[in-house]
C-alpha cells in the first residue's frame, strides 16, 4: 500500500490527542500525572467523601509535579544515578503519603503506581514533547499491579504479603531490587513487555537465580 501524505508526525499527534485529550499539546506533563492517577485511584476508597478531598488531591498533584522537576536537576550530575533516583523515588512517595496523612491512609503501593505510571506516560509521549527525562529511563522502577505481578510469577516472583495497592514502601522496594537482579533489561522494559503479555527471552535473564 502506498501512502502519499506529506505529514510526518500528524497521525501520531492525532493519536496522542485522541488518547490524552487536547491538553497534551499545552501541558503534557500534567496530562501524564492526571492519567497515571486514574490508573490507581479506584484503590483510594473514601477520599472522595472527605470534605477536603479535592484539596488533598490538588496538593498531591503539586507535590508530584514539583518532584518531577527536581528529578531532572538531580540526575544532571553523573554520580551514582541509580542511588540518586532511588532516593528521589523514596522521598517523593513519602511526600505523597504525607499529604494524606491525618485525613486518610494512603499506602506505598498506591503512590508507587502513581509515580511510576507518570514516568511511563512521560516516555510514551517522548522526549520531543517532554524533555529532560531521557537520562532517568534506565533507573526507573517497574510499576507494580495485578497484571505485572501475575506475569512476574512465571519467573519466580513470590507472592506479596498483601495486595499490591496496600504494600508498604520497604516491601515494594525489595521487589524492585528482585526485578533488577532477575532481568538484564531495565525495569521499565521488563514491565512494558510483561504488561503486554510477552515473554522475556532467556538471553535477557541473569544467569544467577534463573
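We did not get these values from a lab; they are worked out from the coordinates using the rules stated. This one's a predicted model, so the numbers in the text were calculated from it and none came from an experiment. Note: ideal-geometry Cβ built from the backbone for every residue, glycine included; neighbour counts use all protein chains shown.
Give, in nm to one decimal, the length gained when the segment between residue 80 and residue 62 is fully stretched (0.36 nm per residue of separation minus the Cα-Cα distance). Can you show the working numbers first?
Values: separation 18, 0.36 × 18 = 6.48 nm, distance 2.72 nm.
Using 0.36 nm per residue and subtracting the Cα-Cα distance, I get 3.8 nm.
When the Debye formula is applied to the Cα atoms of the chain, each taken as the same point scatterer, what base-10 log of I(q)/I(0) results at q = 0.08, 0.09 Å⁻¹?
The Cα Debye sum returns log10 ratios of -0.31, -0.39.
Taking Cα atoms of segment 91-210, Rg/Rh with Kirkwood Rh, to two decimals?
Numbers: Rg = 14.9 Å, Rh = 15.2 Å.
In segment 91-210, Rg relative to Rh is 0.98.
Taking a point 7 angstrom from the Cα of residue 101 along the C-beta vector, which residues in segment 159-185 have backbone N less than 12 Å away?
none
What is the distance, in nm, between label points placed 7 Å from the Cα along the Cα-to-Cβ direction at residue 38 and at residue 186?
Between residue 38 and residue 186, the label points sit 2.6 nm apart.
Please compute the contact order of the chain in relative form: average sequence separation of alpha-carbon pairs under 8 Å and at least six residues apart, divided by the residue count, as a percent.
On the way: 189 pairs, mean separation 41.6, N = 210.
Reported as a whole number, the value is 20 percent.
For n ≥ 4 DSSP H runs only, could you compute -39500 (n - 2.57) per run for the chain, divide by its residues and tell me the 222 nm figure to the nearest 500? Present the calculation step by step, with values, prior to reporting the outcome.
Working: 8 runs with 112 residues, N = 210.
After summing the helix terms and dividing by residue count, I get -17000 deg cm²/dmol.
Can you give the translational diffusion coefficient of segment 18-69 in µm²/s, computed by Stokes-Einstein from the Kirkwood radius over Cα pairs at 4 °C and 1.567 mPa s? Mind showing how you got there, number by number?
On the way: Rh = 12.1 Å.
My calculation gives 107 µm²/s for D.
Grab the beta carbon distance between residue 196 and residue 52, set R0 = 41 Å, and tell me the FRET efficiency rounded to 0.05.
Values: r = 39 Å, r/R0 = 0.95.
The value I calculate is 0.60.
What whole number of Å gives the distance from the Cα centroid of segment 144-163 to the Cα centroid of segment 90-135?
20
Taking 0.36 nm per intervening residue step and subtracting the Cα-Cα distance, what contour gain separates residue 168 from residue 19 on full extension?
Working: separation 149, 0.36 × 149 = 53.64 nm, distance 3.19 nm.
The residue 168-residue 19 span can extend by a further 50.4 nm.
Compute the distance in nm between two label points, each set 7 Å from the Cα along the Cα-to-Cβ direction, one at residue 159 and one at residue 146.
1.6
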